[in-house]
Every structure is written in structure tokens, then in C-alpha cells.
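The block underneath contains the structure these notes are about, expressed in C-alpha cells.
The values are calculated or read from the model by the stated rules, or taken from the named source; none is laboratory data. Quick caveat: nothing in here was measured; it's all calculated off a predicted structure. Note that we place each Cβ from the backbone using ideal geometry, even for glycine, and neighbour counts take in every protein chain shown. Each accessible area value is taken on the protein alone, full model and side chains, heavy atoms only, with ligands, DNA and RNA left out. Shrake-Rupley method; radii C 1.70, N 1.55, O 1.52, S 1.80 Å.
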Amino acid sequence: MTRKLFGTDGVRGTANTFPMTAEMALMIGAAAGRYFRREQGGVHRVVIGKDTRLSGYMFENALTAGLTSTGMNVLLLGPVPTPAVGLLTPSMRADLGIMISASHNPADDNGIKFFGPDGFKLSDEAEAEIEALVEAGVAPAQAGNIGRAKRIDDGRFRYQERLKGTLPHGMRLDGMKVVVDCANGAAYKTAPEVLWELGADVIPLGTSPNGLNINDNCGSTKPQAAAEAVVAHGADVGICLDGDADRILLIDETGTIADGDQIMALMAARWAEEDRLVDGTLVATVMSNLGLERFLTGRGLRLERTKVGDRYVVEAMRAKGWNLGGEQSGHIVMTDYATTGDGLMAGMQFLAEMVRTGQPASRLARRFEPVPQLLQNVRFAAGQTPLEAASVQGAIAEAEATLSGKGRLLIRKSGTEPLIRVMAECEDEALLSRVVEGIVAEVKAAV
């Protein structure tokens, strides 16, 4: 079946525009409720969290109506990071977890992410079945079997305790000055509180959400303000989260930014030294820099690449039992501790390494020299298919021939935004720019 609703990370789009309408959210809630209530009897419940977007109120209520109409009991967590939903779904013995968030997207967007009873994101097959139920329609439960909804006030605190438990026993962050940018998003209370409780001197940014300012010139997609704050305050490190806190960028004491590849390189090498890295394998996507692969190979470790999307990283990890993976964009997945990417948890692991080694962030956050990489995005309108244009396909074929033996090229349609992403790597930066700009020009001409 052709997927009309689900992308690479649930359902996402502009609020009050298909598919992110209240009516569709109600239908998706009813379909998900029916899917997870296929077996009658017993208590069926769903955990729902959200970030700080204004439209979250609307979607929370619509999903609750749809779910309760099929007999599901709904537990409402309020604003919490996405990984908190992954943790609390199995902890609260729920059949389903839902996070209402569009992650790093602007405030006008929103999304619906699903987690199964084990706390991991749903498979493509499960999402396809839910989408089929949306199209077919769902019969509601009998009046006496309608579900209930209840607010859970301590969900955030349960998650915060889990976070602190991932550090070595008794480790404190005393004397460490940390800038943390919460992107006016889901971790606006969680991140500063956890770091403060561990003893850090916390300088918080992006902790005044108003429903409209999430990811607005702040967070992991716009780390400049945090970088300036690190330098201005003489901080030891900066942690930049995105709107739902499942990804991270790090900033060292000089204001230099480190992406997910550098964080994964540090963690993989450290875990390998401790004989904790299963099969000596790190899982990352096709977007990760060639420099990361060379770094790992030089230490006798291996990089397993997947499609773009942290869910595909996790699927590969679960299939082979690997325990560390992530994305260049900052999703870091540690299945010893969590079921999905967790930006704050990854940041805390970095802080723990600073404490353990006594080294500054600038030493730890530059594990390898990246191969020059250029990524450009081209926005397209609904219904347009620029990658099918003969001129675009010709430009891609020509670029692949030009880069053969010198680098690599990746062209893909984003699964979360209406964008064509054009990425290439090559030691020759002039050639790199020429190749990417040539393809981008043809894609723009086709939209």
C-alpha cells in the first residue's frame, strides 16, 4: 500500500493542513486504538507526551478522543522529551506510546510519533496497518466500553531519575559550567533541572516556550546563540537540544560546534576500550561523514550504515544486538539505556567523559578530521516530483561519474519536510561545490 500519512518518523506536516488536522488526528487515534485492541479483554492504555507547540493542545485532545472512542485508556504526560515516552510506555505497561512533536521543525509544523509496548518506534508494517485502518474507518466501542483519560503529573520526574542513573554511580558535575539550550521545547524544564541536580553550574537558554518560539533561532538547528553564550560565560561546554530533545549538538569551550558523528566517534572508541561496544560495531546512516568511517576502521571497529532516520538505525541495532548508533544530525541511540535517540542522555555521557579524563571539551569533541561535506536543500510544493525529471536524473548521473573514486553522492527526498536533500563528500572542495550546485540548479529548475 502506498503510504500517504506516515513518513520516516510518524505523521508530520503543517498544523491544520492535511495530514495534520484535528479530524485526521482523531481518525489516527481511533485506528491506533483499534490496532492495539485487537485482543479483547484486559486493560488497554496509551501514554501520550508532547512538546511545547501551540497546536499540541489540539492534537492531544483529538488523539485522546479517537483513542478513548475505541476503549483505550489514555495517560497524558504533558510536555516531555520524546525519549521519555519511549521509557514510560513499557514502564507503565502501556500498549502504545505517542509523542506529539515535529522535532526540529518550525512551530507551525507538528507530528505524531508512535512507540510500541516495548518502547521502540513502530515498524513500517505496523504503521501501514494503522494507515489502512484510517482509510477503512473504525467502528467505535460500545458506550459502556469507552476509555478514560488521566493526567500523569510525575512522568517527567521518572524520566529525570532514569537519566541520572545512566552516569557512573556517585559521579557529580561539581565545578563544571554548562550552557544548555533547550530550543524552547520539550526539555525546557528537564535539562536544566537534571544538570543542576548533578552539581553543574547551569546557564539555561531556550527555556521560555510560548507555543510559537520552539526551535526559533535556538536549539540544535541554530546553535549560534549557545556558542556565543559558552564563550561569553567562560563555560566548559554547551549542549544544544532540538524541540523534542531526541538530538544534540555539542559546543566546546572555544565555541566550536561538534555534530553527532564526533559524539559517536568518542563514545564508540570509549565503549570499545571498555569492551562494551557489541561486535565492535557502530550503526549510523548514509549521511555520516567518511571521516567517521575511517576513524573507526583505524581502530579495528566497523561502521554499519542504514537509511536516513533514527528508526532505521534502531531497527538495525535490534536485529543484530548492537548497542550504539545514531545520526550525524545528533540522534544518539544507546540501547543499553534507551529505546530511541536521547540528546540529553548523550550530552551527559560526554560530560561524564570530561569528568573521567579531565580533558576539555575541545579535546574530546574532535575525534577525527571530517572529509569535506556539502549539503543543500531544495524545497518543493505538494504534488511535485523533481527527482523524476530527466534533466535532474542526467545531472545526478553526470555528478556520480565525476565523483567516481574521489568521493560520494547522496540525493534523497526528506521524510519529514518537503525538501530534496543534495549531499556530497569529496577531498577537493572546489569539485564538491561544483557538483552539488549543479544538481541543485537542475532540481530548482524542475520545481
Query - FRET efficiency estimate (nearest 0.05) - Cβ-Cβ, residue 437 to residue 139, R0 56 angstrom - result: 0.55
Query raised in the report: Which order do 411, 248 take when ranked by solvent-accessible area (1.4 Å probe, heavy atoms of all protein chains), largest first?
Result: 411, 248
Query - Pairwise label distance in nanometres, residue 381 with residue 336, each label 7 Å out on the Cα-Cβ vector - result: 5.2
Query - Spatial separation of Cα centroids for region 273-344 and region 47-70, in angstrom - result: 32
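Applying 1/(1 + (r/R0)^6) with R0 = 25 Å to the Cβ-Cβ distance of residue 444 and residue 17, what FRET efficiency is obtained, to the nearest 0.05? Could you put the intermediate results ahead of the total?
Numbers: r = 24 Å, r/R0 = 0.94.
Efficiency at R0 = 25 Å is approximately 0.60.
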Report summary line: Out of 338, 132, 389, a Gaussian network model of the chain with alpha-carbon springs under 10 Å gives the largest mean-square fluctuation to 389
Query raised in the report: Which links in 164/413; 113/150; 177/222; 50/177; 4/189; 4/50 stretch past 26 Å when you go from one Cα to the other?
Result: 164/413; 50/177; 4/189
Query - Sulfur and carbon atoms: percent of accessible area, region 280-394 [1.4 Å] - result: 49
Query raised in the report: Among 122, 419, 77, whose mean-square fluctuation peaks in a Gaussian network model of the chain (Cα, cutoff 10 Å)?
Result: 419
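Can you give the accessible area per residue of the chain, in Å², using a 1.4 Å probe?
With the other protein chains kept in place, the chain gives 40 Å² per residue.
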Query - Protection proxy ranking, peptides 55-65, 144-154, average beta carbon neighbours within 10 Å, highest first - result: 55-65, 144-154
Query raised in the report: So how much slack lies between residue 174 and residue 299, counting 0.36 nm per residue of separation and subtracting their Cα-Cα distance, in nm?
Result: 41.7 nm
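Kindly identify region 107-256 as rounded, prolate or oblate by the Cα gyration tensor criterion: order the square roots of the eigenvalues as a ≥ b ≥ c, call it rounded if a/c is under 1.5, otherwise compare a/b with b/c, prolate if a/b is larger, else oblate. Let's see the in-between values first.
Numbers: a/c = 2.55, a/b = 1.92, b/c = 1.33.
Taking the square roots of the gyration eigenvalues as a ≥ b ≥ c, region 107-256 is prolate.
What FRET efficiency comes out for residue 231 versus residue 369 if R0 is 35 angstrom and r is the Cβ-Cβ distance? Round to the nearest 0.05.
For R0 = 35 Å, the calculated efficiency reads 0.90.
Just by accessible area at a 1.4 angstrom probe, what is the order of 159, 312 from largest to smallest? Before the final figure, lay out the partial values.
Values: 159 5, 312 30 Å².
Ranking 159, 312 by accessible area, largest first, yields 312, 159.
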Report task. With a ≥ b ≥ c taken as the square roots of the eigenvalues of the C-alpha gyration tensor of the chain, please select rounded if a/c is under 1.5 and otherwise prolate if a/b is larger than b/c or oblate if it is not? Result -> oblate
Requested in this report: Using a 10 angstrom cutoff on alpha carbons, build the Gaussian network for the chain and name the most mobile of 422, 378, 138.
Outcome: 378
Query raised in the report: Based on the inverse mean of 1/r over its pairs of different Cα atoms, what is the Kirkwood hydrodynamic radius of region 115-157, in Å?
Result: 13.6
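Using a simple charge model, +1 on the beta-carbon of Lys and Arg, -1 on the beta-carbon of Asp and Glu, nothing else, what dipole does the chain show about its Cα centre, in debye to the nearest 20? Show your work: numbers first, answer last.
Numbers: 46 positive and 56 negative charges, 177 e Å.
Using only the charged Cβ atoms, the result is roughly 840 debye.
Which order do you get for 233, 169 if you rank them by accessible area with a 1.4 Å probe, largest at the top?
Of 233, 169, the descending order of accessible area is 169, 233.
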Report summary line: GluC sites (Glu not before Pro) in region 268-323 lying in a DSSP loop, each with at most 11 other Cβ atoms within 10 Å of its Cβ, come to 274
Query - Alpha-carbon gyration tensor eigenvalues x 5, square-rooted, for region 362-447, Å - result: 26, 17, 9
Query raised in the report: For region 1-82, which whole percent of the accessible surface, found with a 1.4 angstrom probe, sits on carbon and sulfur atoms?
Result: 56
Requested in this report: Rounded to whole Å and ordered largest first, report the semi-axes of the equivalent ellipsoid of region 258-359 derived from its Cα gyration tensor (root of 5λ).
Outcome: 18, 15, 13
Requested in this report: Calculate the length of the line joining the C-alpha centroid of region 169-199 to that of region 365-406, in whole Å.
Outcome: 38
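Please report, to one decimal in angstroms, the Kirkwood hydrodynamic radius of region 160-216 built from all distinct Cα-Cα pairs. Don't skip to the end; give the middle numbers.
Details: mean 1/r = 0.0837 Å⁻¹.
Taking every pair of different Cα atoms in region 160-216, averaging 1/r and inverting gives 12.0 Å.
Considering Cα pairs under 8 angstrom that are at least six residues apart, work out the relative contact order of region 1-78 and quote it in whole percent.
Values: 97 pairs, mean separation 27.3, N = 78.
Relative contact order here is 35 percent.
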